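Here the structure is laid out as structure tokens; the discussion comes afterwards.
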Amino acid sequence: MPIIRADLGRCEGYANCVIAAPELLDIDDQGSVVLLQQEIPNSERSRADSAARTCPVSALTIDE
Amino acid sequence: MSDTVVVVGSSVAGVRTAQALRNEGHDGGVIIVGEESHLPYDKPPLSKQLLTGSWPVQRASLMTAADAAAARIELRLGVRAEQLDMFGRRIVLANGEVVDYDRVVIATGASARPSPWTARSGIHVLRTLDDCLGLRQALRADSPVGRPVVIVGGGFVGAEVAAAARALGREVSIVDPLPVPIGRVMGPEIGAHFIDLHHRHGVATHFGVGVQAVEGSAGDLTVQLTDGSELAAATVVVGIGATPNIGWLAGSALLLDDGVVCDAQGRAIDAHSAYAVGDVARWLDPAGRECRRVEHWTNAAEQGQSVAQAICHPDSRPHHPLEYVWSDQFDWKIQIVGRPLRGVPTEVLGQFTDHPAKAAALYGDEDGLLVGAVTVNWPKALLACRRLIGLGGSVAAGRAQISSSPRDRIAEKSAPGLIS
């Protein structure tokens, strides 16, 4: 199953990923991304791709 | 689907459209035509990390040649699209070549509004990588540190250039006929805090004052203001907005009116095979029943995604745009969502005046609905407002949600005296 990875050094709290994939991602009180689950089920794949592509600082990657 | 999609424009809207087409399963050709010869790059860092030099240029890459090859995206860069022939479904390029398409996505963006003032040299605008590198040279290079920079325009670009120029040790002044920075977006009450931000970081401000003329040449410029005063400058930066790049579409039969007018999924009006995304596109907002252009990064990326879906899955749902923009100025991470000036700032949580600041201004309309929010160093509060605005939530719900986060409760403080 593909997994999503977050680079916390890059994350700036823009939260576009949370809007794109709320089942997979959130941000904490400091504005850093939180992975709610690392494995991406098929049903969430399109939203995960969208989350990665709408991150302005490319902090998310998807490993097949 | 095996159609060939040609995307005209190589900035974020165009690149994200091309990438999303592949993600959505488009199997035919994807070609990006771009006027600039640089590989696709991202624009937000141009007024921040690339201007100060804290990032190497490659870090702003949106798509490398290897990325493009891996996604089977053909890049045709360094050549301008000159004409769109919708009946022949072809694009004529400035070098005379012709590119045939089944679908075209117009993503030609906007250009910096040129300076209405002319001097022999030393006046800059900032929109492209070349603009950025030229301005960076002027701000650093061998020029003695401390030589003054005058920035005309206190919007996002102007304010960020001010912060970058201060970081490079320059003396900086901002001039804007509006009473406060980013005044068209957030209004005078909250904008006043942004004047304080500039002053705390050593930027002289001249808000509510216009520019009469700029004279001289690079290193020795004089900026004459409408109040009769004069500012000396080595460099002048003019950041007074942008205009959509639609000139090449004249005669194309597309409906053009401050951009390419589109339906709620980005299809150009009365055109079956043409779409537009990003700064050049004026999409119908189904909620507001109006067409508007939104010159923000997130909107460009989302529209690219939305058009790719519309092309690959014609029954996909329309995109509901919600303005969202950020700006990094000194030690403030500013985030703005919605359209604040459709209401007034009825609730202020946290403190703009703390060091470090952490604050959220919630704007409500006359029915108490949340219409916009401005936050500083508080991404979680911004996210709460962004979700609520999308759902038609109230200011009261926004306050309750933001205040319910235990670590933030202590910072809660409403400021009823701020507005009458």
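Quick notes on this structure:
- Criterion: within 14 Å of chain A (Cβ to nearest Cβ) and part of a strand (DSSP E or B) - qualifying residue of B:350, B:372: B:350
- Only one of B:242, B:271 that is over 26 Å from residue B:118 (Cα atoms), touching a residue at least 40 places away in the same chain (Cβ under 8 Å) and either touching a Gly at 6+ places or on another chain (Cβ under 6 Å) or surrounded by 16 or more Cβ atoms within 10 Å (Cβ to Cβ) (or both): B:271
- Residue in the range B:53-61 that is closer than 30 Å to residue B:313 by Cα, modelled with pLDDT of 95 or more and within 11 Å of chain A (Cβ to nearest Cβ) present: yes
- If you go through the range A:7-47 and keep only what is among the small types (Gly, Ala, Ser), more than 10 Å from chain B (Cβ to nearest Cβ) and buried (at least 20 other Cβ atoms within 10 Å of the Cβ), you end up with just A:21.
- Residues (under 22 Å from the mean Cα position of the chain (by Cα), within 25 Å of residue B:85 (Cα to Cα) and in a loop (DSSP other than H, G, I, E, B)) located in the range B:263-320: B:263, B:264, B:265, B:266, B:277, B:293
- Qualifying residue in the range B:97-118 (condition: assigned to a helix (DSSP H, G or I) and of a type outside the set (Phe, Trp, Tyr)): no
- Any hit, the range B:162-177, residues being crowded, with 22+ Cβ neighbours inside 10 Å, within 27 Å of residue B:364 (Cβ to Cβ) and in contact with a His (Cβ under 8 Å, 6 or more places away or on another chain): yes
- All positions within the range A:48-64 that are part of a loop (DSSP other than H, G, I, E, B), more than 11 Å from every other protein chain (Cβ to nearest Cβ) and surrounded by fewer than 18 Cβ atoms within 10 Å (Cβ to Cβ): A:64
- Matching residues, the range B:303-341, being within 12 Å of chain A (Cβ to nearest Cβ) and touching a His at 6+ places or on another chain (Cβ under 6 Å): B:306, B:312, B:325
- Some residue of the range B:340-351 being crowded, with 17+ Cβ neighbours inside 10 Å, at pLDDT 95 or above and under 20 Å from the mean Cα position of the chain (by Cα): yes
- Considered as a group, the residues in the range B:21-41 that are in a loop (DSSP other than H, G, I, E, B), touching a residue at least 60 places away in the same chain (Cβ under 8 Å) and within 14 Å of another protein chain (Cβ to nearest Cβ) include one that is nearest to residue B:299 (Cα to Cα), and that residue is B:24.
- Condition broken by residue B:251, with the remaining ones in (1) of a type outside the set (Phe, Trp, Tyr); (2) outside any loop (DSSP other than H, G, I, E, B); (3) surrounded by fewer than 16 Cβ atoms within 10 Å (Cβ to Cβ) satisfied: (2)
- Of everything in the range B:274-302 that is within 12 Å of chain A (Cβ to nearest Cβ) and touching a residue at least 24 places away in the same chain (Cβ under 8 Å), the residue that is surrounded by the fewest Cβ atoms within 10 Å (Cβ to Cβ) is B:296.
The values are calculated or read from the model by the stated rules, or taken from the named source; none is laboratory data. The model shown is predicted, which means the values in this text are computed figures rather than measured ones. Please note: Cβ atoms are built from the backbone with ideal geometry, for glycine as well, and neighbour counts cover all protein chains shown.
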